[in-house]
1. For the chain, compute Rg over Rh where Rg is the Cα radius of gyration and Rh is the Kirkwood radius from the inverse mean 1/r over Cα pairs.
2. Could you list log10 I(q)/I(0) for segment 129-244 at q = 0.11, 0.16, 0.17, 0.21 Å⁻¹, which the Debye formula gives when each Cα is one point scatterer?
3. Could you work out the relative contact order of the chain? I mean the mean sequence separation of Cα pairs under 8 Å and 6+ apart, divided by the number of residues, in percent.
4. Which of Y153, Y33, Y109 ends up with the largest GNM mean-square fluctuation for the chain, with Cα atoms connected below 10 Å?
5. With charges only on Cβ, +1 for K and R and -1 for D and E, what is the dipole size of segment 79-125 about its Cα centre, in debye, rounded to 20?
6. How many percent of Cα pairs in segment 36-184 exceed 24 Å?
7. Debye sum, Cα scatterers, segment 213-291, no solvent: what log₁₀ I/I(0) at q = 0.24, 0.27 1/Å?
8. Of I108, I170, which has the most accessible area with a 1.4 Å probe, and how do the rest follow in descending order?
Amino acid sequence: MEMKFGIHSMVWVGDWSEAAARHAITSTAKAGYDLIELSVIDPSTFDVALTAKLLAEHRLDTTASLGLDASTDVSSEDDEIVARGRKRLDEALTLVRDTGGSILCGVIYSALRKYDAPATERGRQNSYKTIAWIADKAAESGIKIGLEFCNRYETNIINTTAQTLEFIEIVNRPNVFAHLDSYHMNIEEHSMRDAVLDAAQAGKLGYVHAGESHRGELGTGSVDWPQFLGALKDVGYDGIVTFESFSSAVVHPTFSNSLAIWRNLWTDNVALAENSLAFLKEGLGEGGAKA
Ligand code: MN
C-alpha cells in the first residue's frame, strides 16, 4: 500500500447539494488530493448515486466521518438515544459502502460535545457494544472503523491514543482502528511521537487527520510537525492522511458550532488546500508528483 492524501469536505463546502458536491469533488481533484473525506453528519441529505458518479469521474477515493449529537449519543444511558445513534451510524455505513469508501471514522462512539460530567460505566458499555455492532456490519463490506479520539472538550469517552487502544481491546474487532488527529493530540498527549509508536506497535494505526493547533493552514500554528510526521514516517505508516481545516468562511450549522469554529482562519481555500498538501508531502518525504 502507498500513502494516500485526503481532504475534509468542509474545507470546500458546508452542505452537500448537487452544486456543493460538484464543487468539493472537482476542487479536491484539482488540488491534487487522492481522496475526499465526506462529512456525513446527516447521511440522509446525501445523494449517494450522484456522489459515487462524481468520485468516479474525478478518480477520487473516499472515506466518511461524522460526530454524533446529544440525540444520537451511543454513550448515553438512554436506550432510545442509543438506538437513534445506531440508526445514524448504519445510514453512514451504507453511504460509505455505496460510494465505494474504505473507512467510516470520527466521533462515532459518543456525541461530539462538551460533557458536564465523566462518562458512566453503563454509558461506556453502550458505546463498546455499539462499536462492536457497527464493526461487524462494516466487516461484511470490507470497511474499516476508525475511532477518532478528541480533546476533553469534545468527548468524555476517549481523549488519548492509550485510551483509544484500550477501548479497541475491549471491543475486540479486527476492523476497528485508532484514528489519530494532530489537533487533538497536540492538546492531550504527553508525546505525539510515543502516541504514534504505540498505535503502530498495537497494529491499530488506522487513519490520520492532519490538523493545525488553531485548525488553520498546516505549518502556521504550534503543532510539532517534524515530531508527528517524523513518527509516521518512522513506523512506515502507509494509510490515509487527511487534511482538516475549518474556518467561519465555510459553515455547517451543527458541525461548525460543535467544533467551536468562531473565527475566520482563511478565505482562500484553494491556496490553503494546495499549500497544506505540499506541506504534508514534504514532511512525510512523499515529494514526488502524483502519477
Ligand atoms: Mn479530526
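1. On the way: Rg = 17.4 Å, Rh = 18.8 Å.
Rg/Rh: 0.93.
2. -0.34, -0.71, -0.80, -1.16
3. Numbers: 573 pairs, mean separation 52.9, N = 291.
Reported as a whole number, the value is 18 percent.
4. Evaluated over the chain, the most mobile residue of the options is Y153.
5. Details: 9 positive and 7 negative charges, 19 e Å.
Around 100 debye, computed over segment 79-125.
6. That tail contains 27 percent of the Cα-Cα pairs.
7. -1.17, -1.31
8. Working: I108 0, I170 90 Å².
Highest to lowest solvent-accessible surface, that is I170, I108.
The values are calculated or read from the model by the stated rules, or taken from the named source; none is laboratory data. Quick caveat: nothing in here was measured; it's all calculated off a predicted structure. All Cβ positions, even for glycine, are placed from backbone atoms using ideal geometry, and neighbour counts span all protein chains on display. Side chains are part of the model used for accessible areas, which takes the heavy atoms of the whole protein and leaves out ligands, DNA and RNA. Shrake-Rupley method; radii C 1.70, N 1.55, O 1.52, S 1.80 Å.
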